[in-house]
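*Asks:* Structure provided below as structure tokens; questions to follow.
The values are calculated or read from the model by the stated rules, or taken from the named source; none is laboratory data. This one's a predicted model, so the numbers in the text were calculated from it and none came from an experiment. So basically every Cβ, Gly included, is an ideal-geometry build from the backbone, and we count neighbours across all protein chains shown. Accessible surface areas use protein heavy atoms only, side chains included; no ligands, DNA or RNA. Shrake-Rupley method; radii C 1.70, N 1.55, O 1.52, S 1.80 Å.
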Amino acid sequence: RHNPLKATKQLTLVNHGAAPAGFKFESSLAGTVLVDPPSGEVPSAGASGAGQLTVSVVLSVEHSGSIAGDIQLFLQGQAERATTPAEPRKFLLSATGVKHTFDLVDDAGVIVTDVSFGPRFYGETAQRTLLLFNNGPVEAGYLFNYGTPGEIKAKLDEAEGNSTADAEDANAGFLQTARQKARSRESKDNPFSVCPATGTVAPYSKTAVTITFRPEATGGSRGFASLTPDSDQTMRSYDFVGLVELFGISHKIKLPIRGSAVAGGLKLSPGALEFGDVHTNGYADQFAMLTNTNSLLEVRFKVEKASPYFDVQPASGSVHGGQSQQLLVRYHPKAMGRHSVALPLHAFSAAGHLVQTVKLSARGSSLRMGPKPGLVGGVDKLPRDFEKERRYLDSDKVAESKVEALRRTTKHSVPLWEQPHLEDAIKSAGGGSRYSMSKDEMAAAAAHRAQYDALISTKRAAKAQAALKRFVAEDDVNLGLDTRSGLAPHEPRLQGAVDPLWLVGGDAEPAPVMQRSMPNADLALIPIHPAHPTSDVDKAALARELSAEELSRLVLGPKVVDFGFVAVGATCTQHLVVANTLSRAVHVVLDTHSLPELCKSQHASQVVPALSKAKFPISLNSFEARRLDERLQLCINSSHLLSIGVTADVMPVALALATEELHFEFAADSWEDHIDQQLLMDNGNKFPVEYTLSSSDPAF
């Protein structure tokens, strides 16, 4: 058997006689072996059969090693009837106490003292599988807790034997853990997960426990791309501590868990390329530098071909930490026109996870047709003969090529009647007919058309200008008023899309449903539940985080506990009701010690069973007259932190007396033994007041 648990064996005493038989057990291993019951009577045999009694023999092992001895059974009735003393019955007892240990090992069988995932990219997933060995003869359940040192400080202190928990507040550990976990969810600084977090290990067996590391980015800031920090500047370290608790065994395994995360650090220089004007069927080359600003991790990249006119060489590859890669960007227009593209460049981790996407902007134009190059052929050609020679662009000549292309392609049309090759045809055609015009008639028609074009253009400009100024000349119809009605003004409009920067509550944690206060008759039917879980299995179940759907199914209320008007020094009690509609229990703890006025509250921690309700009495006791408006925090399963409002008007107590002096005098003809007087008291408060009258003279 293992140390320090106890081993139990059961013996059955059978009495076939007609009278009860007394017995007594004695053991040579006093203090190590305990028989329950040590003495008694075995019932006599009856019609249903022999009388039986079950006796438990409990062996407690304090040290490792072999244990041997015996236990003796004395039958008391047999000794009186026999002429010679009866020999007791002996039962030999033997056991071996072994040291029950547990080990965490990796796949190679090496004992693990810490788990380090090293640097990873945000969003990348890494796993480490450990084997938990049970080196003992009895199965044992385990619970794998993990968190920052602050989150599990109470459990670490308990494991190391120097607990520093607050003696006045037994729920401080639950509240501290809930606050740490809530802070971790908000700041996304809990990238670890353990599966399975709890289970059972058979004797001399093993079970696999997988630790997953998946860091999440906290969200980038808006601004210019040139101000984006380098990858090394975004590094974030995670130092967690894992604690393996074994049910029923004081031994605990402490396991540091570490990891760090960085953002993708690829940068392009320059981020935009201008090729100017290139002849159709020609090409031009420029360089772009791809730099990995992460000094630790290698990055693999792949350029997506988003346009048939732009090409990047190499289209894929890898860049080591802190190194750079030169990219050749080629513009080869196959059709005339203006071309632009944003080439996506995807960055991957060594494991193939997409960590970043940057875009390289490229722009060029082809306004002039160029000669089409011939194909390379021949059986004597080598691979290098099929490669095109590089044509690098000079940045100073890019603008010149665009101006030259515009100059050559801009059409300055010569009038038809002034073109030399048509002069003879116009003369022979003559003019004055329906189907032909002379040179002078063509010039007159062109001048007439130009006047119409100028007139139409002038009117359109005046109309647009008048609409912009919103001015309408006064006449007898509009009387100088603006005749515009229901028309949109000529002003620039912003896009109607909602800016995500101003969205509030999009990632808020789901909360339970709130309900109103319950009547006192219904509150009287709700019981008070146990404050804390009793077994190790219940502790593990009540430390599990609830999902968003489970959390939204809980019902609690009221949202604001209003005590109304309360006297100074008086104690007033209101109730918070929690309805658990889940199929499992939940542990709810109120932080009443954070508010001095609520320190007298009882039953602040309760384990609410499945499909049940619980009431939490909240007692208010204040010795200061003031307006109380505070938030009371409560945690669920040491994981979810919520708050409710607590309001009260604490008022001073004052009673007004109708008189300050009472005069008692017996009348001359009075034969009574006492006299009564009435004292009127006026309660000007907004609440009932209890009072007590006392007298220093026993006559009153």
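*Asks:* So for each of 538-544, 318-324 I average, over its residues, the number of other beta carbons within 10 Å; can you give me the resulting order with the highest mean first? Intermediate results must be reported in sequence, preceding the final value.
*Replies:* Values: 538-544: 17.6, 318-324: 14.7.
For the peptides 538-544, 318-324, the packing ranking is 538-544, 318-324.
*Asks:* If you don't mind, there's one more thing I want to ask. Provide the per residue accessible area, probe 1.4 Å, for the stretch 621-700, rounded to a whole number of square angstrom.
*Replies:* 77 Å²
*Asks:* Which order do the peptides 564-573, 284-293 come out in when sorted by mean C-beta neighbours inside 10 angstrom, highest first? Before the final figure, lay out each step's value.
*Replies:* Numbers: 564-573: 14.8, 284-293: 19.1.
Top of the packing list down: 284-293, 564-573.
*Asks:* What lysines does LYS9 reach when the alpha-carbon gap must be under 23 Å and sequence neighbours fewer than 8 apart in one chain are set aside?
*Replies:* LYS24, LYS90, LYS99
*Asks:* Follow-up question, since we're still on this one. Sorted by packing (mean other beta-carbon atoms within 10 Å per residue), highest first, where do 30-37, 364-371, 417-424 land?
*Replies:* Values: 30-37: 14.0, 364-371: 17.8, 417-424: 11.0.
Top to bottom by mean Cβ count within 10 Å: 364-371, 30-37, 417-424.
*Asks:* Output wanted: per-residue J couplings in Hz (rounded whole) for the stretch 121-138, from phi through Karplus 6.51 cos²θ - 1.76 cosθ + 1.60, θ = phi - 60°, x for Gly and Pro.
*Replies:* 7, 4, x, 7, 10, 10, 10, 9, 9, 10, 10, 9, 8, 9, 9, x, x, 10
*Asks:* Rounded if a/c is under 1.5, else prolate if a/b is larger than b/c, else oblate: which is the stretch 356-407, with a ≥ b ≥ c the root eigenvalues of its Cα gyration tensor?
*Replies:* Oblate, since a/c reaches 1.5 and b/c is not below a/b.
*Asks:* Right, another one. For a quick check of your reading of the filter: which GluC sites (Glu not before Pro) in the stretch 1-75 sit in a DSSP loop and have no more than 13 other Cβ atoms within 10 Å?
*Replies:* Numbers: sites: GLU26, GLU41, GLU62; in loops: GLU62.
Qualifying residues, ordered by number: GLU62.
*Asks:* Compare HIS587, HIS532, HIS63 by solvent-accessible area with a 1.4 Å probe and give them largest first, with all protein chains kept in place. Working shown, then result.
*Replies:* Working: HIS587 5, HIS532 65, HIS63 140 Å².
Accessible-area ranking of HIS587, HIS532, HIS63, largest first: HIS63, HIS532, HIS587.
*Asks:* 5 Å is the cut-off here: which amide hydrogens, built 1.01 Å from N in the peptide plane, fall below it relative to GLY17, excluding neighbours closer than 5 in sequence?
*Replies:* Those lying under 5 Å, H to H, from GLY17 are ALA45.
*Asks:* Related question: What accessible area per residue, rounded to a whole number of Å², is obtained for the stretch 243-386 using a probe radius of 1.4 Å? Walk me through the numbers before you get to the answer.
*Replies:* Working: 7030 Å² over 144 residues.
Result: 49 Å² per residue.
*Asks:* Say a paramagnetic label sat at a point 7 Å from the Cα of LYS372, along Cα to Cβ; which residues of the stretch 280-299 have their backbone N under 11 Å from it?
*Replies:* Within reach of a label on LYS372, which here means backbone N under 11 Å from a point 7 Å along Cα→Cβ, the stretch 280-299 contributes 281.
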